[in-house]
Structure formats: C-alpha cells, structure tokens
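The values are calculated or read from the model by the stated rules, or taken from the named source; none is laboratory data. All of these numbers come straight from a predicted model, not from anything done at the bench. Ideal geometry is used to build each Cβ from the backbone, glycine not excepted, and the neighbour counts take in all protein chains shown.
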Amino acid sequence: MKVGIIAGGFKPLTSGHFSKIRMSLDSNGQTILIYSTKPRGDGADTIPEASLIRMWSFLTPRLESLGVTVRKARTTPVKDSFAVVGVVRCILGLATQPIDKTTASYFAINPAASGAVLYGSPDDIHSSFGRLIGTPQERLYFGSMYRDKKLELCTDPGFSTYVSHGMSDTDSRSLAEVRGTDVRKLLSVHDNSAEEFFPPFLNELERHQLFSILAG
C-alpha cells in the first residue's frame, strides 16, 4: 500500500486542497496531511494563528473520520514530507540508515508501505521536490525510489473529484483550482461566498461555523 502525502500551509483548507486529499484516499492505503499554523497573508488578508489553530481543531476529527492521518508539522510541512518519504524508503529497504522511529510513530506510517505519492500544485511540487530529480540530491533524499517508481509526484488538479459528484467541468475546475489567496481575500471582507470553496465534506452548518472561525 502506498502512502499519499499532502503537505502545506492550508490557510485555509479549501476545496482545491480537498481534491488532492480525495484523490489520495481513493488511490492509496494511507493518506497523511501535514499542516502548519504559521500565518500567511498580507496585512488584512492574514488569518491569525489563533484562528488557524481553531480551524484545525474543528477540521481534524472530520478529516480523520474520512481516513486521513492529520498532523501538525514538527518543523515545516516540506521538511516533514521528506522525513515521511525517508521512512518509506527505509521500509522498502532502499536506505542504508536505520528507520527514523520518531517520524514513523508521529505520522503513524504503515509498516507495510509500498511507496509514496506527493501531491500538490505543479509549482509547489517542482520547487520542493521535482527540482531534485536528475540531480545528486535525488539520490541523497530519495535513493532509487523515483527511478523504481516507488515515489510519485502528482500535480493532477483533481477535477474528477467533483465531476464524479455530478458537477459540470466549469464548476469542477473552479473548485479544484481555487487558491488560498482568493479565499483569504473573501474572508478579509467577511464575504460568506468563501464558504463555496470550503471542503465539500462539510455540511451547510459546518461551513457557517468554519466561516465564523476564519472571518472572526
């Protein structure tokens, strides 16, 4: 079973992020979401850390009920993604160093992992991971995982997540491609149309509750 890894700021968690979560849940034996509560934004668009902490307290049990392993980054989401891949590499017997038991325990990585899949936007995947492919750093961090197809970099925007639920291509594209920056702008002016871009596993009341948490 492969381990899907979705890591980022998620400020806030949007329908676009969820499209990748859903893809991972559908394709992998385990899905790990790694988040940070460090504020992101510019001036009025910034979501306070206290609100982000409340958001994750609100969302974590709901995500876990879907089968997602949710963890706050110990350092940064990207660094912890490398750490999770490193554990999977050890499980596969493709590393010389011993397994990092602290990382394996913290992220509850399945000892039967057969590979890893990193999900994200094309820019994020390239800047954090893809740029290493074909360089000496690839072997340092991934060993032969990528070459042996034990590591995948997935930048699919996830339109099919919503198309499969009866939505049009246009609506699916809108939900899958929404940027956190755009949602933060709506939240900063208390525009409740932001709720449209919250994760679709939330019901109407939960969307209102999340809006109150984030918009203040």
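A few comments on the model shown:
- Selected residue [farther than 21 Å from K11 by Cα, assigned to a helix (DSSP H, G or I), out of contact with any strand residue (DSSP E or B) (no Cβ under 8 Å at 6 or more places or on another chain) and polar (S, T, N, Q)] from S144, S160, S174: S160
- None of F159, F142 is of a type in the set (F, W, Y), closer than 23 Å to T96 by Cα and out of contact with any Gly (no Cβ under 8 Å at 6 or more places or on another chain) except F142.
- Which listed residue, of R74, R54, is modelled with pLDDT of 95 or more, more than 29 Å from S188 (Cβ to Cβ), surrounded by fewer than 18 Cβ atoms within 10 Å (Cβ to Cβ) and among the charged types (D, E, K, R): R74
- Among the candidates R89, R71, R54, the residue that is of a type outside the set (D, E) and over 26 Å from F201 (Cβ atoms) is uniquely R89.
- Residue count for the stretch 190-216, restricted to those that are more than 25 Å from M23 (Cα to Cα), in contact (Cβ under 8 Å) with a residue 40 or more places away in the chain and part of a loop (DSSP other than H, G, I, E, B): 1
- Annotation: of all residues in the stretch 39-51 being modelled with pLDDT of 85 or more and assigned to a loop (DSSP other than H, G, I, E, B), the one that is surrounded by the most Cβ atoms within 10 Å (Cβ to Cβ) is I47.
- Scan of the stretch 111-137 for residues that are in a loop (DSSP other than H, G, I, E, B) and within 18 Å of the chain's Cα centre (by Cα), ordered by number: G120, S121, F129
- Residues (modelled with pLDDT of 95 or more and touching a Ser or Thr at 6+ places or on another chain (Cβ under 7 Å)) located in the stretch 6-15: I6, A7
- Those residues of the stretch 16-38 which are modelled with pLDDT of 95 or more, buried (at least 23 other Cβ atoms within 10 Å of the Cβ) and small (G, A, S), in sequence order: S24
- When E204, E195 are checked against the criterion of being modelled with pLDDT of 95 or more and over 21 Å from the mean Cα position of the chain (by Cα), E204 stands alone in meeting it.
- Where P61 falls short, out of the listed (1) at pLDDT below 95; (2) assigned to a helix (DSSP H, G or I): (1)
- Looking only at the stretch 122-167, and only at residues there that are among the small types (G, A, S), on the phi < 0 side of the Ramachandran plot and modelled with pLDDT under 95, the one that is surrounded by the fewest Cβ atoms within 10 Å (Cβ to Cβ): S164
- Looking only at residues in the stretch 77-96 that are β-branched (V, I, T) and at pLDDT 95 or above, the one that is nearest to V117 (Cα to Cα) is V85.
- Residues located in the stretch 70-103, provided they are farther than 11 Å from S36 by Cα and in a loop (DSSP other than H, G, I, E, B): L92, G93, L94, A95, T96, Q97, P98, I99, D100
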